[in-house]
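Worksheet for the structure shown next.
The values are calculated or read from the model by the stated rules, or taken from the named source; none is laboratory data. Note that the coordinates shown come from a computational prediction; the quantities given were computed from them, not determined experimentally. Every residue, glycine among them, receives a Cβ derived from its backbone with ideal geometry; neighbour counts consider all protein chains shown. Heads up: the accessible areas ignore ligands, DNA and RNA and are worked out on the full protein's heavy atoms, side chains in. Shrake-Rupley method; radii C 1.70, N 1.55, O 1.52, S 1.80 Å.
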Amino acid sequence: MSDRDQTVHYDSPAGGWGSLRGIARIFGEEWNTPAVMETLARQNKPGGFMCVSCSWGKPADHHAFEFCENGAKATLWDLTTRRCTPEFFAEHSVTELRGWSDFELEQTGRLTHPLRYDRATDRYLPCGWEEAFAEIGRELRAIDPKAAVFYASGRASLETSYLYALFARLYGTNNLPDSSNMCHETTSVALKKVIGASVGTVVFDDFSKCDAMFFFGQNTGSNSPRFLHPLQEAAKRGVKIVTFNPVREKGLEFFINPQSPVEMLTGKATQISAQYYQVRPGGDIAVLMGMCKHVFARDDEARKRDRRVLDVDFLKQHTAGLEEFESKVRSTTWESIEAESGLSRADIEAAAQVYVEAERVIGIYGMGLTQHVHGFENITMFVNLLLLRGNIGREGTGISPVRGHSNVQGQRTVGISEKPELVPLDRLATQFGFEPPREEGMNTVAACQGILADEVRAFFGLGGNFVRAIPERDRMEEAWTRMRLTVQVATKLNRSHLVNGEVAFLLPCLSRTEKDVQAGGAQVVTMEDTFSCIHGSIGHRVPASEHLLSEAAIVAGVAKATLPPNPRLSWDAWVGDYARIRAEIAETYSEEFHDFEARKFTPGGFYRGNSARERIWKTETGKATFTSPKMMSATGFDDAPGRYRLITMRSNDQFNTTIYGYSDRLRGIEGTRDVLLINPQEMRRAGLEPGQVVSLLSDAGDGVERAVHGLVVTPFSLPDNCLGGYYPEMNPLMPVTHHDEHSKTPAAKSVPVKIRPTAEFRPVAPLEPDGHDTRTADGPVGLDRA
Ligand SMILES: Nc1nc2c(c(=O)[nH]1)N[C@H]1C(S)=C(S)[C@@H](COP(=O)(O)OP(=O)(O)OC[C@H]3O[C@@H](n4cnc5c(=O)[nH]c(N)nc54)[C@H](O)[C@@H]3O)O[C@H]1N2
Ligand SMILES: Nc1nc2c(c(=O)[nH]1)N[C@H]1C(S)=C(S)[C@@H](COP(=O)(O)OP(=O)(O)OC[C@H]3O[C@@H](n4cnc5c(=O)[nH]c(N)nc54)[C@H](O)[C@@H]3O)O[C@H]1N2
Ligand SMILES: [Mo]
């Protein structure tokens, strides 16, 4: 396709969306067929299917094309015509495939047949479904349930997730870690503690009613691009957007609406952030402390004029712990705040002044706050700031964690949790006539430690790429093969399928875009978005292979083969008609899921409710609770000469461990992911030069050697004393013990490392035309400069 053709497509209905080049580069002309277009047109709309990428909300008054560059990539990735067949596995041994990159593995296409690993030939061989279920059941029955782990990656529907959690508990374990243990678990634990609700309090409409937004560590342009529309509308309305992020992320700076032909043709971008501050990684507690300091100072001045900046009535009626917090803030010095945040007092005060002047404020955050040793304190400090002016539980205000996987929040809602107190076990006990396990199960970190210690004997993965996503990858892979049983349910081949237990199965499933026909006809599934709204989803595509089963059918198949018969468990009837699973969900969670069946296609989703939004505080104090952090840095380690804080980042061309390509367009890094990002002054201080090849070594001080080699030094705009590298390539550097203290979320945004230079040089990604040695993106998000 020529550049001219691409430009023309911008104002036609099918092409009125941007970032076309990014998609065309990966999928060639394959994406632009009527059938694919028809599928994309159904994305995120009532009666259509819900995007498999992120969990951003699906508004009731949707656009003609309610998807973004990355949502389209995720859908197209599933729609590929490539197939990963038994013939492929006959040609390639598993050992050989371990030498392939993540990108190459997924390029093999959709898995087509259930497979069993054959150790003698080191190959995956096709097997029948019934044979697979029977053997898995036999193996599970021979293992202590406490030594089995049931992981979920955040994509499976509410229906499948409910069955999966029920199966694990009937079998006898709460070992139900999911990807949220590496993600927003810090949110679940911190928000639960201070506002009594474990998810965000904001709904879609609030964005059109607020006066200011504060962004901490969330990369909208890459990870939730549909959020750019409400952001742009807000910015145009004069809403002040203030961002704290070590990296200048393009999507938070400027945006051109790819659905607006005028903007596309004139190249007129909207400025998103009015203020943008490159805080040091781990410096957010200090920033928020400084902002609160300013709020108290302005309140002191206002009082002299008989006015208040604090929302005194709200504070009195609804909060606890203010006094202690206030004295903590007042006794914290600006010197310590500046030193830890890397920002000046004037900058922090300018940001805080926006807060003071705004009537309605929304606080937004992502992995930049959750993935730290003191991530809990990051979040509770953010809540402290919002509480001071009553910015929770009022229209146009609130705290808004932007969740990751498309149904990660929903999986927790319907029982996938290692924490028994979060699950209505008594109801399950009555509903299904069994005694559920009551002790705490393993989360992701505990599962890793259990595998390293040879205590875990079986691992069942409902989607995901566990081995690649977790910390300490090299040691984990070695320990992995000592397990007795590993079972992976997946759509595409990945690294986790190539490190196997003694008995190993790879079971291929339908994707959400595909028709799911069961005994009772074509099935609907449901998911929960980041605003706690539940949406029905119907797949329309012909399945990638006739041998695929739905995830619900796979879970039920394994459950039936594992558990003794019980008349209250109607696995066949449930799989035959998912409405019957929804009826069970509605019975277990009657407050939130009443009339589930009738409400499943509510435009915009039906709202599950949130007590904190109603200013009902289900906390220990019965109030929204201020907390006073004991530390100023979220990193959990001291600075030392030669020790850097490594941020592990996502590119615009990946979904977690799925690498779509090597173009981090929004950051201007092209052609490779093996880079070490460092600011130019810091680079010179370390005696390094652009293009120099280096290794990164762990500097965790625990005596374990961890290293990643072959990284090209690339000058990039970052604060001092910190480095950037890509997730998952950097994961071998993360100690499994390096996690948030409360939630155990791995601390991927400040990993202690040191640099070991080599004498080798390789070309860096091309520099900016003006010779600037700081890498920036090639244009605003959505703008095609061609
Ligand atoms: N296309 C695409 N979409 C995705 C994903 C994907 O991989 N690709 N992943 C999905 C998943 S599972 C998730 S959880 C979300 C993740 O989405 P995000 O929450 O946006 O996660 P990250 O991109 O890892 O990091 C967010 C930002 O934190 C900044 N940051 C790093 N350290 C700090 C710090 O100490 N302080 C502050 N203030 N900022 C910091 C980084 O520079 C980055 O811009 O996206 C989901 N959506
Ligand atoms: N260093 C570092 N590590 C991190 C992070 C970080 O920022 N830095 N982020 C963490 C976060 S936020 C997360 S959420 C985790 C992600 O960890 P995971 O959720 O485990 O990993 P994904 O890469 O999302 O999983 C991709 C695989 O899922 C399978 N898959 C895709 N669609 C389906 C489906 O519909 N059904 C099934 N059964 N399988 C499917 C495919 O086989 C694909 O290869 O990684 C964490 N790890
Ligand atoms: Mo995530």
Handout entry: Considering residues of segment 48-64 that are farther than 19 Å from Glu514 by Cα, hydrophobic (A, V, I, L, M, F, W, C) and more than 16 Å from ligand 1 (Cβ to nearest atom) only, the residue modelled with the lowest pLDDT
Key = Ala64
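Given Arg645, Arg673, which one is among the basic types (Lys, Arg), assigned to a loop (DSSP other than H, G, I, E, B) and touching a residue at least 24 places away in the same chain (Cβ under 8 Å)? Show your work before the answer.
Values: Arg645 fails: assigned to a loop (DSSP other than H, G, I, E, B).
Testing whether each residue is among the basic types (Lys, Arg), assigned to a loop (DSSP other than H, G, I, E, B) and touching a residue at least 24 places away in the same chain (Cβ under 8 Å) leaves just Arg673.
Where in segment 113-210 are the strands (runs of 3 or more DSSP E), entirely inside, with at least 3 residues that are crowded, with 24+ Cβ neighbours inside 10 Å?
In segment 113-210, 148-152 are the strands (runs of 3 or more DSSP E) which contain 3 or more residues that are crowded, with 24+ Cβ neighbours inside 10 Å.
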Problem - Criterion (assigned to a helix (DSSP H, G or I) and in contact (Cβ under 8 Å) with a residue 60 or more places away in the chain) met by exactly one of Ala302, Ala350 - result: Ala350
Fill in the blank from the handout: Among (1) out of contact with any helix residue (DSSP H, G or I) (no Cβ under 8 Å at 6 or more places or on another chain); (2) closer than 30 Å to Val287 by Cα; (3) basic (Lys, Arg), Arg389 falls short only on (1)
Exercise for the section: Look at Val361 and say whether it is touching a strand residue (DSSP E or B) at 6+ places or on another chain (Cβ under 6 Å), more than 14 Å from ligand 1 (Cβ to nearest atom) and assigned by TED's automatic domain parsing to the domain that holds Phe204. Expected result: yes
Handout entry: Single match in Glu159, Glu139 (criterion: closer than 29 Å to Leu97 by Cα, away from ligand 1 (no atom under 15 Å from the Cβ) and modelled with pLDDT of 95 or more)
Key = Glu139
Problem - Unique residue being open to solvent by 60 Å² or more (accessible area, probe 1.4 Å) and either touching a strand residue (DSSP E or B) at 6+ places or on another chain (Cβ under 9 Å) or touching a residue at least 40 places away in the same chain (Cβ under 8 Å) (or both) when the list is Thr588, Thr621 - result: Thr621
Exercise for the section: Please identify the pairs in which a residue from segment 214-239 that is of a type in the set (D, E, K, R) has its Cβ atom under 6 Å from the Cβ atom of a residue that is open to solvent by 10 Å² or more (accessible area, probe 1.4 Å), counting only partners at least 6 apart or on another chain. Expected result: Arg226/Cys68
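Every residue, every condition in (1) over 30 Å from Lys316 (Cβ atoms); (2) open to solvent by 30 Å² or more (accessible area, probe 1.4 Å); (3) within 16 Å of ligand 1 (Cβ to nearest atom), yes or no:
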residue: Ala579; (1), (2), (3): yes, no, no
residue: Glu584; (1), (2), (3): yes, yes, no
residue: Phe593; (1), (2), (3): yes, no, no
residue: Thr602; (1), (2), (3): yes, yes, no
residue: Asn610; (1), (2), (3): no, no, no
residue: Pro629; (1), (2), (3): no, no, yes
residue: Phe637; (1), (2), (3): yes, yes, yes
residue: Ile647; (1), (2), (3): yes, no, yes
residue: Glu670; (1), (2), (3): yes, yes, no
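Any residue that is within 16 Å of ligand 3 (Cβ to nearest atom) and either open to solvent by 20 Å² or more (accessible area, probe 1.4 Å) or of a type in the set (Phe, Trp, Tyr) (or both) - is there at least one of those in segment 237-256? Steps first, please.
The initial filter retains those residues of segment 237-256 that are within 16 Å of ligand 3 (Cβ to nearest atom), namely none.
Checked against the condition, which is being within 16 Å of ligand 3 (Cβ to nearest atom) and either open to solvent by 20 Å² or more (accessible area, probe 1.4 Å) or of a type in the set (Phe, Trp, Tyr) (or both), segment 237-256 yields no hits at all.
Quick check on segment 649-668: of everything there that is of a type outside the set (S, T, N, Q) and within 29 Å of Glu377 (Cα to Cα), which residue is most open to solvent (accessible area, probe 1.4 Å)? First the steps, then the outcome.
As a first pass, look at segment 649-668 and keep what is of a type outside the set (S, T, N, Q): 649-650, 653, 655, 659-662, 664-668.
Subsequent filtering for residues that are within 29 Å of Glu377 (Cα to Cα) retains 649-650, 655.
Numbers: Met649: 10, Arg650: 55, Phe655: 32 Å².
It comes out as Arg650.
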Exercise for the section: Could you check how many residues of segment 109-123 are touching a residue at least 60 places away in the same chain (Cβ under 8 Å) and over 19 Å from Glu514 (Cα atoms)? Expected result: 4
Completion exercise
Sole miss for Asp572 among (1) in contact with a helix residue (DSSP H, G or I) (Cβ under 7 Å, 6 or more places away or on another chain); (2) farther than 23 Å from Trp77 by Cα is condition (1)
Practice task
Search segment 728-753 for residues that are within 11 Å of ligand 1 (Cβ to nearest atom) and pair each with any residue that is of a type in the set (Phe, Trp, Tyr) and in a loop (DSSP other than H, G, I, E, B) when their beta-carbon atoms are under 9 Å apart and the residues are at least 6 apart or on different chains.
Solution key: Ala748/Tyr727; Ser750/Phe637
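Which members of segment 379-412 meet the condition of being within 16 Å of ligand 3 (Cβ to nearest atom) and among the polar types (S, T, N, Q)? Even if it seems obvious, please write down each step before you answer.
Start the filter on segment 379-412 by keeping residues that are within 16 Å of ligand 3 (Cβ to nearest atom), which leaves 379, 400-412.
Passing the criteria: Ser400, Ser406, Asn407, Gln409, Gln411.
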Problem - Residue check, Glu528 surrounded by 24 or more Cβ atoms within 10 Å (Cβ to Cβ), outside the structural domain of Thr112 (by TED's automatic domain parsing) and at negative phi - result: yes
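Within segment 211-234, how many residues turn out to be in a helix (DSSP H, G or I) and either open to solvent by less than 20 Å² (accessible area, probe 1.4 Å) or over 28 Å from Met289 (Cβ atoms) (or both)?
Looking only at segment 211-234, we keep the residues that are in a helix (DSSP H, G or I), and these are 220-223, 225-234.
Retained after the next criterion (residues that are either open to solvent by less than 20 Å² (accessible area, probe 1.4 Å) or over 28 Å from Met289 (Cβ atoms) (or both)): 220-222, 225-234.
Qualifying residue count for the region: 13.
Would you mind finding the one in Phe466, Phe460 that is at pLDDT 95 or above, within 16 Å of ligand 1 (Cβ to nearest atom), of a type outside the set (S, T, N, Q) and farther than 30 Å from Met213 by Cα? Outline the logic, then answer.
On the way: Phe460 fails: within 16 Å of ligand 1 (Cβ to nearest atom).
Result of the check over Phe466, Phe460: Phe466.
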Completion exercise
Among (1) buried (at least 18 other Cβ atoms within 10 Å of the Cβ); (2) assigned to a helix (DSSP H, G or I); (3) in contact with a helix residue (DSSP H, G or I) (Cβ under 8 Å, 6 or more places away or on another chain), Leu343 falls short only on (2)
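Go through Leu322, Leu288 for me and flag whichever is buried (at least 23 other Cβ atoms within 10 Å of the Cβ) and at pLDDT 95 or above. Break it down stepwise before answering.
Numbers: Leu322 fails: buried (at least 23 other Cβ atoms within 10 Å of the Cβ).
On inspection, the qualifying residue turns out to be Leu288.
Would you call Pro746 modelled with pLDDT of 95 or more, at negative phi, buried (at least 20 other Cβ atoms within 10 Å of the Cβ) and out of contact with any Cys (no Cβ under 7 Å at 6 or more places or on another chain)? If you could, list the steps in order and put the result at the bottom.
Details: modelled with pLDDT of 95 or more: yes; at negative phi: yes; buried (at least 20 other Cβ atoms within 10 Å of the Cβ): yes; out of contact with any Cys (no Cβ under 7 Å at 6 or more places or on another chain): yes.
In short, yes.
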Practice task
With the condition kept exactly as written, say whether any residue in segment 421-438 is within 16 Å of ligand 2 (Cβ to nearest atom) and either farther than 16 Å from Ala197 by Cβ or in contact with a strand residue (DSSP E or B) (Cβ under 6 Å, 6 or more places away or on another chain) (or both).
Solution key: no
Completion exercise
Scanning segment 385-436 residue by residue, those more than 16 Å from ligand 1 (Cβ to nearest atom) and β-branched (Val, Ile, Thr) turn out to be Ile392, Thr397, Thr413, Val414, Val423, Thr430
